1. I want to check the label-to-label distance for Ala371 and Glu131. Put each point 7 Å from Cα in the C-beta direction and report it in nm to one decimal.
2. Go ahead and collect, in residue order, the members of region 94-113 whose backbone nitrogen is under 19 Å from a label point 7 Å along the Cα-Cβ direction of Lys250.
3. Taking N as the number of residues in region 108-156, what is its Cα Rg relative to 2.2 N^0.38 Å?
4. What number comes out for the charge environment of Ile255, summing +1 per Lys or Arg and -1 per Asp or Glu over other residues with Cβ under 12 Å away?
5. Could you sort 165-171, 105-111 so that the peptide with the highest average Cβ count within 10 Å comes first and the rest follow in order?
6. For the modelled label position 7 Å from the Cα of Val27 along Cα-to-Cβ, which residues of region 219-242 have backbone nitrogen atoms closer than 20 Å?
7. Once you place label points 7 Å from the Cα toward the Cβ at Thr291 and Lys149, how far apart are they in nm?
8. What length, rounded to one decimal in nm, is gained on full extension from Glu232 through to Ile380, with 0.36 nm per residue of separation minus their alpha-carbon distance?
Amino acid sequence: MGLNNLFVPLQDQFDNLEKHTQWGIDVLEKYIKFVKERTEIEISYAKQLRNLSKKYQLKKNSKEEEEYKYTSCKAFLATLNEMNDYAGQHEVISENMTLQITSELARYVQELKQERKSHFHDGRKAQQHIETCWKQLEASKRRFERDCKEADRAQQYFEKMDADINVTKADVEKARQQAQIRHQMADDSKGEYSSTLQKFNHEQHEHYHTHIPNIFQKIQEMEERRIVRTGESMKIFAEVDRQVIPIIGKCLDGITKAAESIDQKHDSQLVIEAFKSGFEPPGDIDFEDFTQPMKRTVSESSLSNSRGDGKSELKFGSKSKGKLWPFIKKNKGGGPEDFSNLPPEQRRKKLQQKVDELNRDIQKEMDQRDALTKMKDVYIKNPQMGDAASVDHKLAELGQTMEKLRLEAQKFEGWLAEVEGRLPVRTESSRRQSTMYETQNTSAVNNCAQDRERYSIGRELSGRPSMLLRTLVEFAAGICTAPTFFSGQNEGTMSVTEGEMLYVIEEDKGDGWTRIRRNEDEEGYVPTSYVEVYLDKNAKGAMTYI
């Protein structure tokens, strides 16, 4: 049979070969179990990766949304998304291994078991047949041997009877006939034994040279297919992993690209834009000579200096040192509705956010109204589907809600226009130089301290009202009126009533605030939009008569 039938030398090891093939099936089932556990690990790993990615994902409508405008946070979000796709590839590994290996091998094992059972059944059947033939040969052989011995005994008895003169002729003839019968039986047994022997030799030759080799050939082919199938499955095991490597590589490339997209300068600029107040940094402080107590100069940043008076302000009071713009101190309460307690830039952003929020609410209500209107039209055309009048009440409610939202939006848009109209146009250099608005508040407090020091001079002139008025006029830079009411709730600000006339101590330097004084005991800041300032030269004379 050559190399195509290597199992022929094992024809006398039928039982051992049967055990070996069973062991081969056990090995294949063990490999299937191994791959199945691998797929379970991949599914578990993918699930854990997805849960991890979901855990750190951005939550909608949360404070975290504001943080993800920074490139570093965007890169982190991109990393989470890539990890989610990375987890998907492990799910693909599990799915492909299940379909291409475990499911296919499970079916193959069932077929293998049936084929093995059939081959060894045929082998056992062939063994039983040759054993039956052998038993027939042995029986024929024993019968031939027995008949030969009987014929010998009958022949010996006949010869003995024939030699005995005392035996009758009839007894001799009977003995002779009996001997002939036994010899005939022996001859028949001999022929049957010869025929059975030839038949057994033929069956034995067929058994060991045809039937068993064919069965062993099938078993060998079955075993080799099992081995090849195992190797192919191992290749698939590696190939399934290899197929997702490019996609996993793209996920990792995406993470790298996200990391490379981080722009520290851009993030720093976002921080500046998020927290800048809109105030300009305070100017230099002039030296004040206290050796001449009555010769007070006006600050070069005052309105008088802007008209060419050339006077400088007094030195800061000692109590105001270290404080910065207290009029924008954070309010512990909810704050006014128009955010007037905030610096201009911060106020503009808050108002813009409020306007955008109201516009979104209006759009949402409009969408609901359009949907209800379409529903009403359907009810009108198809009364059996519903009552059109039942929608009217909801439409009326939506109309009222939309009107309220529009009025609210108009109110905030008015405030926004007011703020945007008075914010200074800032250059790039000044924008880089601006710092947090809490730091910029120093100038206002110090200026208030200077005014209080000026008023100390007025109080020293008690009993001389004309001198007091002249002193107040000397340090005032103009007058203003308040066309509308302003409630100064924060430190450094001052409340004004509609129509009230006040002294202007320091003009608006571009930060949206004007420093004013009511009398020698009250001074502070008000938004420039809340007052009308008169800067003509007759302002001082007018103030004299207030």
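1. Reported label-point gap for Ala371 and Glu131 is 8.3 nm.
2. 94-96
3. Working: Rg = 21.3 Å, N = 49, 2.2 N^0.38 = 9.7 Å.
In units of the 2.2 N^0.38 Å rule of thumb, it is 2.20.
4. Working: positive: Lys250, Lys257; negative: Glu82, Asp85, Asp253, Glu260.
Counting the neighbours of Ile255, the net charge comes to -2.
5. Working: 165-171: 9.1, 105-111: 14.3.
Top of the packing list down: 105-111, 165-171.
6. 219-238
7. Label at Thr291, label at Lys149, 16.4 nm between them.
8. Numbers: separation 148, 0.36 × 148 = 53.28 nm, distance 6.89 nm.
Extra length available between Glu232 and Ile380 comes to 46.4 nm.
The values are calculated or read from the model by the stated rules, or taken from the named source; none is laboratory data. Note that the structure is a prediction, hence the values are computed from the model and not measured. Positions of Cβ are generated from backbone atoms using ideal geometry, with glycine treated the same way; all protein chains shown enter the neighbour counts. We work out accessible area using only protein heavy atoms, side chains counted, and drop any ligands, DNA or RNA first. Shrake-Rupley method; radii C 1.70, N 1.55, O 1.52, S 1.80 Å.
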